[in-house]
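Just so it is clear, none of the values below were taken in a lab; they were calculated from the coordinates. Note that this is a predicted model, so its numbers are computed, not measured. Using ideal geometry, Cβ is built from the backbone for each residue, glycine included, and neighbour counts are taken over all protein chains shown.
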Amino acid sequence: MNSIAAYFYVYKIRIQKSLAYHYDVYGNILMQCIIMFAAAFFWRALYAGETVVQGVEAEQMYIYTVISTAMSVFFMNDVEQRVMRSVEKGTIAVEMLKPINLYGIFFFEDLGKLTALLFQNLIPILLIGSIFIAVPKPASAMAFLLFIVSLIMAYLIHWLLAACFSMWAFVTINMTPLLQVKKHLIRLLSGSIIPLWFFPDWLASVLNCLPFVYIYQLPLDIYIGKASMENLILRLGIQAVWVVVLLVLFVVLQKIAVKKVMVQGG
């Protein structure tokens, strides 16, 4: 019970801290809206009077763009930066001796940040997208419910990937360039920018074997009604398997990383 209370306290403090930084919020909203409008103009030019491309209507593609931009709010976490800063300062060993799990603290901090972003970023992005691009209505009520389920698992996959990647800090110490490469690769390979159905078949088949498509592509497919219900249930099962696989990998890597802690400075 004490651990739960501690995690909840961390969660609450992070919400309060996130709500205090208004200028960062304005900058993030502006950047996300620029990306959203650029993508919308791209799809409008691509369709060029066509009503359906690759089995997807133009209206569905605009909704895809708005929801994809809104979803990016869910994938703003700080676990990698927190681990990297702790390793650089040499405080990581002391933090690991605390009575509650260090990564548990990071997870609840990121949940707190997400909660604040839902009000600060998500709502403005959806409003702007609804006014200027398309009203992001789901394909059906069932599609929306399955979308929420898939989005939760997508968040866990993304966070676990970040947590696993953070283990590199114990070896490289400063991994800022790697973080930038990883960030853009995930956006590209997950269907966030370009849906997988526009990729060559061989490349799409390869990407479907990786966890990235279950971050953006699957939830978006569900939301716009791109795939059949039977296919979606199968893919949701695969998404759940990826959550378990990454959780096991994270636990193993964490045990290995603890043995490689290098204290830098005091």
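One table, with the values for the structure above:
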| quantity | calculated |
| --- | --- |
| Debye log10 I(q)/I(0) for the chain, one point scatterer per Cα, at q = 0.08, 0.09, 0.13, 0.16 Å⁻¹ | -0.36, -0.45, -0.92, -1.31 |
| 0 to 90° range, to nearest 10: angle between helix 176-189 axis and the chain longest Cα axis | 30 |
| Under the Debye formula (equal points on every Cα, no solvent term), log10 I(q)/I(0) of region 185-252 at q = 0.14, 0.22, 0.23, 0.24 Å⁻¹ | -0.42, -0.98, -1.05, -1.12 |
| Per residue, the convex hull volume that the Cα atoms of region 4-73 enclose (Å³) | 95 |
| Violating pairs (Cα-Cα greater than 22 angstrom) within the set Lys98/Lys259; Lys113/Lys183; Lys183/Lys255; Lys89/Lys259; Lys137/Lys182 | Lys183/Lys255; Lys137/Lys182 |
| Over region 53-159, volume per residue of the alpha carbon convex hull, in Å³ | 134 |
| More than 25 Å apart - percent of Cα-Cα pairs taken over region 145-266 | 31 |
| Sorted by Cβ neighbour density within 10 Å, fewest at the top, the residues Glu88, Glu230 | Glu230, Glu88 |
| Binned Cα-Cα distance frequencies in region 107-156 - 10 Å width, integer % | 22, 41, 35, 3 |
| Ellipticity estimate at 222 nm from DSSP helix runs (n ≥ 4, -39,500 (n - 2.57)) divided over the chain, nearest 500 | -23500 deg cm²/dmol |
| Sorted by Cβ density within 10 Å, fewest first, the residues Lys255, Lys12 | Lys255, Lys12 |
